[in-house]
Amino acid sequence: MLSLLVSIFAVLVSLGSLGISYTAGRRSHMPVLQFMWEGGQDGSVAPKWWLINVGTGPATNIVVAQTERTSLTRGLNGERWFNPVLVPSIPAGGKLALTWLGGTMGLACGLGASYTDVERYFYTTKCGDDVSMFLIGLHLPRWPLLKLNGSKAVKTWWGVEDLSGPPWSAVSERHVRRRRWLPSRFGISRRLGGWADPVHSYQPR
């Protein structure tokens, strides 16, 4: 009986060690993006918004979008996101100027960014009223990154000069199909690609 208990304890310790190793490995290359406003008050640089990677790994497949107002919570929760823009990958410690947002600090809207790590797991950053929230999983709409029926829902950063004109690719909570078995802490998706990726249910509005 004692040997059986020892064996069970050894198995539990091994499983715990594997879990700790997996978590440590994931965190060693976890990207964390933050929105930053640089005012340029001394005249050395033009005022603009930046996206900075303060995490430990590169951020890839980055989509920056806007919303009229963000709840800064998991999921969409009544948020309506629009103007998605695909930007280049940002290495750990790197940053990218969001030039199409212009040089105005007060945008009268919330900002959001969805992105993946090197293993294609999703992360999300939401920013509104000078408050930022980092979330694991996808908590923005899952726009297709490639062409759909001959057109793209997400514009590329080098093709967007400003935000003049009507908004594009607006998506609200009622347009998103979420897998019921997925834990709510992961939003609408955990990983880019695969049979569970909700991109297959995207329809242009």
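The values are calculated or read from the model by the stated rules, or taken from the named source; none is laboratory data. Just so it is clear, the structure is predicted and the values come from calculations on it, not from any experiment. Glycine gets a Cβ as well: all are built from the backbone with ideal geometry, and neighbour counts include every protein chain shown. Ligands, DNA and RNA are stripped out before the accessible areas are found, and what is left, the full protein with its side chains, is counted by its heavy atoms. Shrake-Rupley method; radii C 1.70, N 1.55, O 1.52, S 1.80 Å.
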Which ones in the stretch 168-180 are assigned to a loop (DSSP other than H, G, I, E, B), of a type outside the set (A, V, I, L, M) and under 27 Å from VAL32 (Cβ atoms)?
-> SER169, ARG178, ARG179
Those residues of the stretch 78-94 which are surrounded by fewer than 16 Cβ atoms within 10 Å (Cβ to Cβ) and at pLDDT 95 or above, in sequence order = PRO88, PRO91, ALA92, GLY93, GLY94
Of the residues in the stretch 102-125 that are more than 18 Å from PRO141 (Cβ to Cβ) and at pLDDT 90 or above, the one that is least open to solvent (accessible area, probe 1.4 Å) is ASP117
Would you confirm whether any residue within the stretch 145-167 is part of a helix (DSSP H, G or I), surrounded by fewer than 21 Cβ atoms within 10 Å (Cβ to Cβ), more than 17 Å from the chain's Cα centre (by Cα) and modelled with pLDDT under 90?
-> yes
Of (1) surrounded by 12 or more Cβ atoms within 10 Å (Cβ to Cβ); (2) under 18 Å from LEU76 (Cα atoms), VAL131 fails just (1)
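For the stretch 134-144, give me each residue that is touching a strand residue (DSSP E or B) at 6+ places or on another chain (Cβ under 9 Å) and either in a loop (DSSP other than H, G, I, E, B) or open to solvent by 20 Å² or more (accessible area, probe 1.4 Å) (or both).
Selection gives PHE134, ILE136, GLY137, HIS139, LEU140, PRO141, ARG142, TRP143.
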Any residue in the stretch 172-184 that is in contact (Cβ under 8 Å) with a residue 12 or more places away in the chain, touching a Lys or Arg at 6+ places or on another chain (Cβ under 7 Å) and open to solvent by less than 10 Å² (accessible area, probe 1.4 Å)?
-> no
